[in-house]
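> For reference, the structure I am asking about is given below.
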Amino acid sequence: MIWRSEAGKILQIEQGDITRVEADAIVNAANSHLAGGGGVDGAIHRAAGPEMRRELDAIQARIGTCPTGQAVATGAGLLPARFIFHTVGPVWSGGGRREAELLASCYRVCLAMAEERGLESIAFPAISTGVYGYPMRGGAEIAIGEIRRHLMEGAKSLGRASLVLFGEEALRIHEAVLRGGAV
């Protein structure tokens with residue numbers, strides 16, 4: 001499913017493997033230790049190869065942990081992208097620990113990083129909605145809201161943003177949110 005802004009900026013929602021997406025940057029749903037893990041994080045670490053891991057090790061040695069809602073950038077290693085933005089989403093604790101604000105920050109920070117580098121395209125997974133337990137509908141509302149807002153109001157170089165989702169349920173929910181309808 002595709003949404004276009006009045007200025008022709010595109011938000012695309014698709015089901016697929018983010019490690020195979022051709023975009024200037026892909027976003028990794030990382031943990032605060034930047035250590036690799038399961039889900040999207042593990043898949044990206046396996047596919048990107050050792051050069052990306054060395055870059056992350058150097059970043060981690062310099063900063064320690066990456067705070068929730070923030071991100072760091074590496075090259076994409078063996079992936080078809082140019083960059084990987086490793087962002088740390090919130091663990092869902094019922095909604096009372098600023099989870100929505102922190103999740104929105106993940107998207108805003110990565111979009112800003114893309115603009116700082118003059119990138120034209122970026123691909124996101126559904127940050128925090130897997131093992132971190134963020135409710136899929138709420139995560140979709142935040143992701144789509146932040147990306148659309150950026151494409152309508154702040155995008156300079158960025159012309160296309162994608163949400164690359166794992167599984168049919170995630171796709172159905174994100175498409176329903178984009179259409180503005182019930183899931």
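The values are calculated or read from the model by the stated rules, or taken from the named source; none is laboratory data. Keep in mind it's a predicted model, so treat the numbers as computed, not measured. All Cβ positions, glycine included, derive from the backbone under ideal geometry; neighbour counts span all protein chains shown.
> Mind listing whichever residues of segment 49-72 are of a type in the set (Gly, Ala, Ser) and either over 24 Å from Arg108 (Cα atoms) or surrounded by fewer than 13 Cβ atoms within 10 Å (Cβ to Cβ) (or both)?
Gly49, Ala58, Ala61, Gly64
> Ala23: out of contact with any Gly (no Cβ under 6 Å at 6 or more places or on another chain), in a loop (DSSP other than H, G, I, E, B) and over 26 Å from Arg172 (Cβ atoms), yes or no?
no
> Something else now. How many residues, within segment 105-129, are more than 15 Å from Gly154 (Cβ to Cβ) and surrounded by fewer than 21 Cβ atoms within 10 Å (Cβ to Cβ)?
Summing the residues that are more than 15 Å from Gly154 (Cβ to Cβ) and surrounded by fewer than 21 Cβ atoms within 10 Å (Cβ to Cβ) in segment 105-129 gives 0.
> Quick test of your reading of the structure: Val131 fulfils all but one of (1) of a type in the set (Val, Ile, Thr); (2) part of a helix (DSSP H, G or I); (3) at pLDDT below 95. Name the failing condition by number.
(2)
> In addition: Looking for something buried (at least 21 other Cβ atoms within 10 Å of the Cβ), in contact (Cβ under 8 Å) with a residue 12 or more places away in the chain and assigned to a loop (DSSP other than H, G, I, E, B) - is there at least one such residue anywhere in segment 153-166?
For segment 153-166, residues buried (at least 21 other Cβ atoms within 10 Å of the Cβ), in contact (Cβ under 8 Å) with a residue 12 or more places away in the chain and assigned to a loop (DSSP other than H, G, I, E, B): present.
> Being without any contact (Cβ under 8 Å) to a residue 60 or more places away in the chain and not in a helix (DSSP H, G or I) is the filter here; which residues of segment 38-65 pass it?
Scanning segment 38-65 gives Gly49, Gly64, Thr65.
> Sort out which residues of segment 21-48 are among the charged types (D, E, K, R), surrounded by 14 or more Cβ atoms within 10 Å (Cβ to Cβ) and more than 18 Å from Ile59 (Cα to Cα), and write them in order of number.
Taking segment 21-48 and keeping what is among the charged types (D, E, K, R), we get 22, 24, 41, 46.
So of that shortlist, the ones also surrounded by 14 or more Cβ atoms within 10 Å (Cβ to Cβ) come out as 24, 41.
The answer is Asp24, and nothing else.
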